Each structure stands twice: as C-alpha cells, then as structure tokens.
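**Student:** Before I ask anything, let me first share the structure, which is written out below as structure tokens.
The values are calculated or read from the model by the stated rules, or taken from the named source; none is laboratory data. The structure presented is a predicted model; accordingly, all values stated were derived computationally and were not measured. All Cβ positions, glycine included, derive from the backbone under ideal geometry; neighbour counts span all protein chains shown. Heads up: the accessible areas ignore ligands, DNA and RNA and are worked out on the full protein's heavy atoms, side chains in. Shrake-Rupley method; radii C 1.70, N 1.55, O 1.52, S 1.80 Å.
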Amino acid sequence: MDSCDVLIVGGGPAGSACAWALRNRGCDVVVMDKAAFPRDKVCAGWITPAVLDELRIDSREYAQGRVLQPITGFLTGTIGGSTVLTEYDRTVSYGLRRCEFDYFLLQRCGARLRLGEAFHSARQESGEWFVNDSVRAKWLVGAGGHFCPVARQFSETASPNDAPAPVILAQEVEFEMTDAQQAACDVSGTHPELYFCRDLKGYGWVFRKGNVLNIGLGREHETRLSEQVAAFCDFLHARERIRFALPTRFHGHAYRLRTHVPRVSALNVLLIGDAAGLASTHSGEGIRPAIESGLLAASALIGNGDLETVSARYAARLQARLNMGHVAAPSHWLPSAARIWLGQLLLRTRWFTRHVVLDRWFLDSQKPALMT
Ligand SMILES: Cc1cc2nc3c(=O)[nH]c(=O)nc-3n(C[C@H](O)[C@H](O)[C@H](O)COP(=O)(O)OP(=O)(O)OC[C@H]3O[C@@H](n4cnc5c(N)ncnc54)[C@H](O)[C@@H]3O)c2cc1C
C-alpha cells in the first residue's frame, strides 16, 4: 500500500498548483489522475498574467517550445451587433494550449504521479483515507474538475440548504490552421474577439494563438447549445472574420459559476477548482480560481492545527479571497427585458467595455496576484 500526507485526485491546474505548493514545503504528495498526460481539456486557454506570477512561472521559459500568445487588446460586441476595439499598452492576458500548460504544471509540481488511474472508492479508517484500496493518506483533496468523484461523495454529506450554483454549458473547437486557413482568418492573436449573446446569457469567443484557432460559446442553462454554436459560426463567416469552413465537431463540457462561496471542506477533505465550482460569474474564468484555491488549500494544510482547524482555515481564506474586489452584475433590480436593452447599450460604449467588462470582469485587474 502506497502512503502519503496528501492525496490529490485530479491533475488539472487546481491539483498541480496545490501539489506544487505542498511539495515546496516538503510534504509527501501523490496526484492521481484518470488521464495519461499530456491530455487535452475543453477550454479557450486564456489566462491572466497573475496566474504566472502566482506559480512563479517565467513567461520566457514557458514559451520555449510552447504556445504563449500575448494579448494586448480585445474586440468585443454582441452577436450580430456592433463592436468595440479596446487597446492596452501592455500584455493583459495570454493565450495558451491546455494540453501543454497542464502537462507543464504537472511535471514541475514535484509530486509522485499516479496517472491513468481513476479514483473509484475512498473509505476512512482510524482517521485516514484509503483510496482505491491502494493509497493511504491523511488528507484527501478533490481536484477532479466539474465531475469530480470526491466532490460527488462529499456532496452526499453537504447541507440540503446549499443552493445549487448556475451551470455553464460550453462547446469549443481548437485546431492548427493550415497556411491557407491562416490567410483566410482575420482574427488577430493579440486581440481575441468576444461576442455576447443578445440575451446576455452567455458569449462566444474566437482566440488565435499563433497558428492555432480556438472558437467556442458558453451559455447558462442552455438546452440547444449546438444550434447557438452553429449560429455563432455563421455570424463569424458573415462578418468575414473567418473565410473558410470550420470543423463541425465541437467538444462540450460544463462548469459551475460561483454565485456564492460553496462548502469546500470537511474534516479531512478539501475541494479545489471546478470540483468546488469556483469559476468567475462574469467571465467564466476558471483557471485562476482553480490555481488560487489550490494554493490556499496548500497553505491551510501546511499550517499547524487539528483537522477541524485546517478545514475551517481553508474555507475562511478562500472566502476572503473570492470576495476580494467582487463586483455584482449591474441592474438586477430591472425587469429582464430592460436589463437586456441596457446591457446591449452599455456594450456599445467604450467606457463600459474597458472599465467594467474587460478590466473588472474579464481581467480581474483590481485583484493583485495571490502570493502564498
Ligand atoms: C469550453 C470551456 C472554455 C473555458 N475557457 C476558459 C478560459 O479560457 N480561461 C479560464 O480561466 N477558464 C476557462 N474555462 C474553465 C476552466 O477550463 C476550468 O475552470 C479549469 O480547467 C478548472 O481546473 P481544475 O483543475 O479544477 O479542473 P480540470 O482542469 O477539469 O482538471 C480535472 C482533472 O481531474 C481528472 N479527473 C476527473 N475525474 C477523475 C477521476 N474519477 N479519477 C481521477 N482523476 C479524475 C481529469 O482527468 C482532469 O485532469 C473553460 C471551460 C470550458 C468548459
């Protein structure tokens, strides 16, 4: 039987950030993931620079042999409506490929890896976890993403009063463009394009990262997502942003938005990243909260105290972090038709687009990097 201080189930950004911080403090950590890496993850692959700072990643070093597209502006608007171009005088974001980024983080985290091994069962005995009857650990960290099996087991004991958070359903496609396709693509790598649905319940994006193109659309509570995605592709063709036939097979995934801070810890189990449903309400950014929750879980585990103290410490630190600089969506007091009308109007203005949509909601620029 293998044994460790902390077993992390899931080797995405949340799991590997947590493992990296624990290993830096000398903990014995095992990361278990059902996938063999490198593996892909359905994602646009957009991150804010704080992510690199928080993990002490040198952007030049990361870019050696990997895609790291600097972003210095955005083209935004509504699907079918007018657009606004916003420029910055610095790099405000990066585009990357999740197949590369997640593999890089996992390799550098320093934990013992059990890849290609799915979590099946966890039982507790004398205060320790026995996972799959093959690994023994004092602490179990659920980092298995939206369908995390640890979170599922954990939620069976959660309070029935825990309100369900909104689920975003999204589809995307990512592919390397041929030379002819690159010439027929007007989307610029430095200026990704974001187009809100006319009812403002989601948005579509086009990200170009070098010769890689990523197109997708995510919406809340959507039952006819494929139709919305097809209409979005038609719009991109009609606007001549892309003048070649797009792949018809998009990949789908889901994630929860954090409308409130959910219950994330119990006696000797902590949930991080999508397993806890932490993606930003306005932008759907999930990588930064996944990494920050992983770092905060590690810092809580490293401190002294009994199980209850560690668990409460993580929950309190996460809550404080997520609430920092939080800005509510405007005009919830308006009836929905008026809200949509106002939202569409605001999205046409340069001021609202730069200061609210981009700086506050998408770039979270009021929140400094978390240095643990
Ligand atoms: C279409 C789409 C686009 C997105 N675009 C962006 C974006 O551009 N920027 C951004 O910040 N966020 C984006 N997000 C959100 C972001 O992808 C997630 O929030 C982020 O991946 C969460 O990281 P995580 O480590 O919590 O989970 P994941 O990255 O999902 O990793 C979970 C890991 O757990 C493993 N696992 C699952 N089940 C088991 C099991 N039974 N046993 C063992 N291992 C298991 C999986 O193999 C996986 O490796 C997007 C999401 C979608 C759906």
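**Student:** Could you list, ordered by first residue, the pairs with Cβ atoms under 6 Å in which the first is in segment 250-262 and closer than 20 Å to residue 324 by Cβ and without any contact (Cβ under 8 Å) to a residue 24 or more places away in the chain and the second is assigned to a loop (DSSP other than H, G, I, E, B) and within 11 Å of the ligand (Cβ to nearest atom), at least 6 apart or interchain?
**Tutor:** none
**Student:** Moving on. Being assigned to a loop (DSSP other than H, G, I, E, B) and more than 26 Å from residue 258 (Cβ to Cβ) is the filter here, so list the residues in segment 104-124 that pass it.
**Tutor:** Across segment 104-124, the qualifying residues are 110, 111, 116, 117, 118, 120, 121.
**Student:** Next up: Of all residues in segment 214-244, which are closer than 13 Å to residue 195 by Cβ and outside any helix (DSSP H, G or I)?
**Tutor:** If the condition is that a residue be closer than 13 Å to residue 195 by Cβ and outside any helix (DSSP H, G or I), then 215, 216, 217, 218, 219, 239, 241, 242 are the ones that fit.
**Student:** Report yes if residue 140 is more than 10 Å from the ligand (Cβ to nearest atom) and of a type in the set (A, V, I, L, M, F, W, C), otherwise no.
**Tutor:** In short, yes.
**Student:** When you go through 147, 232, 154, 207 one by one, which is the residue that is open to solvent by less than 40 Å² (accessible area, probe 1.4 Å), assigned by TED's automatic domain parsing to the domain that holds residue 290 and not basic (Lys, Arg)?
**Tutor:** 154
**Student:** Residues of segment 20-32 being part of a helix (DSSP H, G or I) and open to solvent by less than 10 Å² (accessible area, probe 1.4 Å), which ones?
**Tutor:** 22
**Student:** Would you check which residues across segment 125-137 are closer than 16 Å to residue 152 by Cβ and in a strand (DSSP E or B) and list them?
**Tutor:** 129, 131
**Student:** Exactly one condition in (1) of a type in the set (D, E, K, R); (2) closer than 30 Å to residue 26 by Cβ; (3) open to solvent by less than 60 Å² (accessible area, probe 1.4 Å) is false for residue 108; which is it?
**Tutor:** Failing condition for residue 108: (3).
**Student:** Okay, moving on. Please pick out the residue among 155, 188, 134 that is at pLDDT below 95 and among the polar types (S, T, N, Q).
**Tutor:** 155 is the lone residue from the list that is at pLDDT below 95 and among the polar types (S, T, N, Q).
**Student:** Which numbered condition trips up residue 277, out of (1) buried (at least 16 other Cβ atoms within 10 Å of the Cβ); (2) in contact with a Lys or Arg (Cβ under 7 Å, 6 or more places away or on another chain); (3) without any contact (Cβ under 8 Å) to a residue 40 or more places away in the chain?
**Tutor:** (3)
**Student:** List the strands (runs of 3 or more DSSP E) that sit entirely inside segment 33-96 and contain at least 3 residues that are open to solvent by 20 Å² or more (accessible area, probe 1.4 Å).
**Tutor:** Ranges flagged: 68-71, 83-87.
**Student:** Further question: Criterion first (of a type in the set (Gly, Ala, Ser), within 11 Å of the ligand (Cβ to nearest atom) and either farther than 25 Å from residue 215 by Cβ or open to solvent by 40 Å² or more (accessible area, probe 1.4 Å) (or both)) does residue 118 satisfy it?
**Tutor:** yes
**Student:** Here is a list of conditions, (1) without any contact (Cβ under 8 Å) to a residue 12 or more places away in the chain; (2) in contact with a strand residue (DSSP E or B) (Cβ under 9 Å, 6 or more places away or on another chain); (3) closer than 19 Å to residue 21 by Cα, and residue 223 meets all of them except one; can you say which number that is?
**Tutor:** (3)
**Student:** Also: Of the residues that sit in segment 269-303 and are assigned to a strand (DSSP E or B) and over 17 Å from residue 324 (Cβ atoms), which one is nearest to the chain's Cα centre (by Cα)?
**Tutor:** Checked segment 269-303; the qualifying residue nearest to the chain's Cα centre (by Cα) is 271.
**Student:** Quick check on my filter: what residues within segment 5-19 are crowded, with 21+ Cβ neighbours inside 10 Å and in a strand (DSSP E or B)?
**Tutor:** Correct list: 6, 7, 8, 9.
**Student:** Looking at 112, 97, can you tell me which residue is within 21 Å of residue 293 (Cα to Cα) and touching a residue at least 40 places away in the same chain (Cβ under 8 Å)?
**Tutor:** When all the criteria are applied, what remains is 112.
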